[in-house]
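The values are calculated or read from the model by the stated rules, or taken from the named source; none is laboratory data. Just so it is clear, the model here is predicted, and its values are computed rather than measured. Ligands, DNA and RNA are excluded from the accessible area calculation, which covers all protein heavy atoms including side chains. Shrake-Rupley method; radii C 1.70, N 1.55, O 1.52, S 1.80 Å.
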Amino acid sequence: MVVVGMGLSLIGMAAAEVGLLPPAVGALAQEAIDIVAIALALRALPPILRLHNMKEEESAFSLMPTAVPPAT
């Protein structure tokens, strides 16, 4: 999704360079592009946050050995 944000920014810069986009409108458009890029980047967070909801025995980061039942 970085390509989308960079592409929109480049299009905005080109439009501003040829005079199609006034500076104030260009600045507001860039802020909107930044918000969209941040929102898309935040989609990567849920898998990381789900690690905290796992049971200890399911966690790959658990250092505690699992209990072995005694032999009968």
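Some observations on this one:
- Computed lengthening from ALA15 to GLN30, 0.36 nm per intervening residue step minus Cα-Cα distance: 4.2 nm
- Note that segment 1-43 presents 77 Å² accessible area per residue, ligands and nucleic acids not counted, probe 1.4 Å.
- Taking amide H as placed 1.01 Å from N in the peptide plane, LEU21 has its amide H under 5 Å from the amide H of ALA16, each at least 5 places away in sequence or on another chain.
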